[in-house]
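Notes follow the structure.
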Amino acid sequence: MIDSDVSIDIKDLTRYYKGNHIPALDQVSLQVRKGDIFGLLGPNGAGKTTMIRILCGLLSPTNGEVTIEGYSLKNEKAFIRKIIGVVPQDIALYSSLTARENLSVYGGICGLKGRFLKERIKELLPVFGLEKSADRHVEHFSGGMKRRLNLIAGLLHMPRILFLDEPTVGIDVHSRNVILENLREINRNGTTMVYTSHYLEEAENLCSYITIIDEGRIITRGTLAEIMERSGSCTSLVDVFLSLTGKTLRD
Amino acid sequence: MRIFFKLVYKDALVVMRDRGGLAMLFIMPLALVLLMTSLQDATFRSVNESGIRLLLLNNDIDSLGLSVEKKMMQSGLFRTFTEIDDRKPTEQEVKDAVAAGRFLIGVIIPHGATQRIRDKVSRNVQMALSGSQPVSGPEDSVFLQVYLDPTTKISFRENLQHSIHEFSSEIESQIILQEITLKINELLAIPVYDLSQVQEEVIFYREEYATRGDTGVIPNSVQHNVPAWTIFAMFFIVIPFAGAMIREREDGSLDRLLTMPVSHAKILFSKTIVFLFICYFQFILILIMGVYLFPLIGLPALQTGDNLGMLSLMALATALAAIGYGIAVGTITRTHQQASIFASISVVILAALGGIWVPVFIMPAFLRQISVVSPLNWALNSFYDILIRNASFSEVFPGIIGLCLFALACILLALIYKKLKWAS
């Protein structure tokens, strides 16, 4: 039976890469509830990106099932693509095009058209402080401006679910603040978010539910309060993270 | 459909924004076709029209020497010189002048050459008339010394030998007939007419190009080179095409597109449309250059006849084959560097095999057999069919289909590779 509160339902998700006998994801099962900002945390190589790529339809799982808003990822991928938005870790923009042209292209491909598309671009550019740079080529943007535009391109079509893969990596405090504030606002308007980051303080402040994975397995999950309660003497998410994943370097 | 047009708009915009790259896409093919056609035309003219610098030292001031000298002077093939610095050279000076590159060829006709031939013929005629078997020894032979510039190609040397042999054998025949006449006159009371004066040629040949219908198209270096180098240039679209695919993959734009409601096939197809247009425009520009610019710079004008429709179709099929190859290269190679190195070298190999550099019929047997695998060979043959042989559509059709199937095979290969990679 489908739980109407569940946005993403993952069952026994396993993924092996060719030539590697250790799974990148090992029978992971979890649910993301509608309206959550779901923090997916873990050290390098834990399996976060593999999971995001599977959920976005960019990678096929070796085993397991995924349903998004009640639609099977395996059989109804085309429909799922219409209701999700993705903000990749890479600046996935055309650098020789202007900000407005990039948004027009991505918005158009997502099905927005005509006046509505123009209005939507006009509405979002000032929100992220890019209205004055709308007609500048992206190659001349700063890192923070590119990150903000990268985010707009993912949420232009008002997706029901937004996947954010380290959306604030490598930018200054001001840009990060603008991004996080707006993500909260977008979430308040009903968008479910799956968010990965290495900035644990950021996750602590933003996420309503957190899952930490390591070596392809879930090692803890819950609200921040639940995780802290279970951790005993830990005083922050960073302490919990280090106590669960160890202090050795990961590549 | 609106989504597809948005993709085409995006790809066109990305190409147009790279003004330098776009200019290269048109300027380089035009420069290549212009340069290669001019070079080939100049080579053709240097052998047939401009004349080859030849230094002749005629030490035989008699029939053979004078006749060979006269024929060389009259020949359009050679620009014959008999002096260096206003004086007759020595044999060593002839050799030195050729070695120094002042002349491509040096020919020395030895002293007494004609007399030696006369003596030999006289002796043999005498023996023949007295019922004996004519004999000849090495002392009877006449050696013409020929010095060649070491850079001279073998094929050219063969042409030269043929020409000198032709000049000398004619005068040799004359001497034989003169001697026979002389001996007959010694034996017979009634004098006979000098047989050597009967030099009327009885064998003639008439040369005509075997084309269908009266097209008026004269095969020349332009008719041969423009299609060949145009195909070569069009296939170089593989590099920017594969580059565009790899750039999109490397900067994450492709992944973002693939999370949107658009198929990978549509993403590739939109690029195909944009680059097909570029290729076709390249072809039109080269055609215009061949028809209108070439005559202004002294080259023969490209004659397209009344086959513009078939030419356009062939250009599209060639462009499609090149882009199909670009899709395969762009999918299988991982970096821009890999793609550009592999694409440029493989296109040069396919061009060499396909007969772009040298005609397939003069290749070694095993290369001739391999050449049929090159799509550039199919394209070249079909362009020749249209431009030179005035072939009908049904004769060109297999070439068009072959190129389209090649494109399809490349795209299928890319999709299968992509699917396997996605699964792994």
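Which is of a type in the set (A, V, I, L, M, F, W, C), touching a Pro at 6+ places or on another chain (Cβ under 7 Å) and away from chain B (no Cβ under 14 Å), of A:L13, A:L41?
None of the others qualify; the one that does is A:L13.
Which residues, taken from the stretch A:109-131, are β-branched (V, I, T) and at the interface with chain B (Cβ under 9 Å from one of its Cβ atoms)?
A:I109
Being away from every other protein chain (no Cβ under 14 Å) and either hydroxyl-bearing (S, T, Y) or over 19 Å from B:F232 (Cα atoms) (or both) narrows it down to one residue among B:A409, B:A379; which is it?
After applying the criteria, what remains is B:A409.
So which pairs qualify, if the first residue must be in the stretch B:165-182 and within 17 Å of B:L129 (Cβ to Cβ), the second must be not in a helix (DSSP H, G or I), the Cβ gap must be under 7 Å, and the two must be at least 6 apart or on different chains?
B:Q178/B:D194; B:T181/B:V192; B:T181/B:D194
State which residue pairs qualify: first residue away from chain B (no Cβ under 13 Å) and inside the stretch A:132-144, second residue among the acidic types (D, E) in any location, beta carbons under 7 Å apart, and separation of 6 or more residues or different chains.
Qualifying pairs under 7 Å: A:G144/A:D172.
For B:R389, state whether it is part of a helix (DSSP H, G or I), surrounded by fewer than 21 Cβ atoms within 10 Å (Cβ to Cβ), more than 14 Å from every other protein chain (Cβ to nearest Cβ) and within 20 Å of the chain's Cα centre (by Cα).
Judged against the criteria, B:R389 is not a match.
Only one of A:P167, A:P159 is more than 18 Å from A:R100 (Cβ to Cβ), crowded, with 16+ Cβ neighbours inside 10 Å and in contact with a Ser or Thr (Cβ under 7 Å, 6 or more places away or on another chain); which?
Result of the check over A:P167, A:P159: A:P159.
So is B:S122 of a type in the set (G, A, S), assigned to a helix (DSSP H, G or I), at pLDDT below 85 and surrounded by fewer than 19 Cβ atoms within 10 Å (Cβ to Cβ) or not?
yes
Give just the number: which of (1) assigned to a helix (DSSP H, G or I); (2) under 24 Å from the mean Cα position of the chain (by Cα); (3) in contact (Cβ under 8 Å) with a residue 60 or more places away in the chain does B:L299 not satisfy?
Result: B:L299 fails condition (1) only.
Mind checking which residues of the stretch B:234-249 are within 26 Å of A:K82 (Cα to Cα) and either modelled with pLDDT under 90 or β-branched (V, I, T) (or both)?
Hit for the stretch B:234-249 is B:I246, nothing else.
Out of the residues in the stretch B:71-87 that are exposed (fewer than 15 other Cβ atoms within 10 Å of the Cβ) and modelled with pLDDT under 85, state the one that is farthest from B:I171 (Cα to Cα).
Here the residue is B:G76.
Going through the stretch B:262-296 one residue at a time, which ones are assigned to a loop (DSSP other than H, G, I, E, B) and polar (S, T, N, Q)?
Once the filter is applied, which keeps residues that are assigned to a loop (DSSP other than H, G, I, E, B) and polar (S, T, N, Q), the stretch B:262-296 yields only B:S263.
Hey, among the residues in the stretch A:90-103 that are more than 7 Å from chain B (Cβ to nearest Cβ) and in contact with a strand residue (DSSP E or B) (Cβ under 8 Å, 6 or more places away or on another chain), which one's nearest to A:M51 (Cα to Cα)?
If we take residues in the stretch A:90-103 being more than 7 Å from chain B (Cβ to nearest Cβ) and in contact with a strand residue (DSSP E or B) (Cβ under 8 Å, 6 or more places away or on another chain), then A:S95 is nearest to A:M51 (Cα to Cα).
Which one is nearest to B:R19 (Cα to Cα) among residues in the stretch A:109-122 that are touching a helix residue (DSSP H, G or I) at 6+ places or on another chain (Cβ under 7 Å) and assigned to a helix (DSSP H, G or I)?
Top of the filtered list is A:I109.
What single numbered condition from (1) touching a Leu at 6+ places or on another chain (Cβ under 7 Å); (2) of a type in the set (A, V, I, L, M, F, W, C); (3) closer than 30 Å to B:A12 by Cα fails to hold for A:L13?
Tallying (1) touching a Leu at 6+ places or on another chain (Cβ under 7 Å); (2) of a type in the set (A, V, I, L, M, F, W, C); (3) closer than 30 Å to B:A12 by Cα, A:L13 fails exactly one: (3).
Across the stretch A:48-89, what is the total count of residues that are facing chain B (nearest Cβ under 10 Å) and either out of contact with any strand residue (DSSP E or B) (no Cβ under 6 Å at 6 or more places or on another chain) or in a loop (DSSP other than H, G, I, E, B) (or both)?
Residues in the stretch A:48-89 being facing chain B (nearest Cβ under 10 Å) and either out of contact with any strand residue (DSSP E or B) (no Cβ under 6 Å at 6 or more places or on another chain) or in a loop (DSSP other than H, G, I, E, B) (or both): 15 in total.
For A:Y106, indicate whether it is at the interface with chain B (Cβ under 10 Å from one of its Cβ atoms), touching a residue at least 40 places away in the same chain (Cβ under 8 Å) and in a helix (DSSP H, G or I).
So A:Y106 passes the test.
I need the full set of residues from the stretch B:252-303 which are within 14 Å of another protein chain (Cβ to nearest Cβ) and closer than 22 Å to B:I388 by Cβ, in order please.
Listed by number, the list is empty, since nothing qualifies.
The values are calculated or read from the model by the stated rules, or taken from the named source; none is laboratory data. Source: prediction; values computed, not measured. Neighbour counts are summed over all protein chains in view; Cβ atoms, including those assigned to glycine, are modelled from backbone coordinates with ideal geometry.
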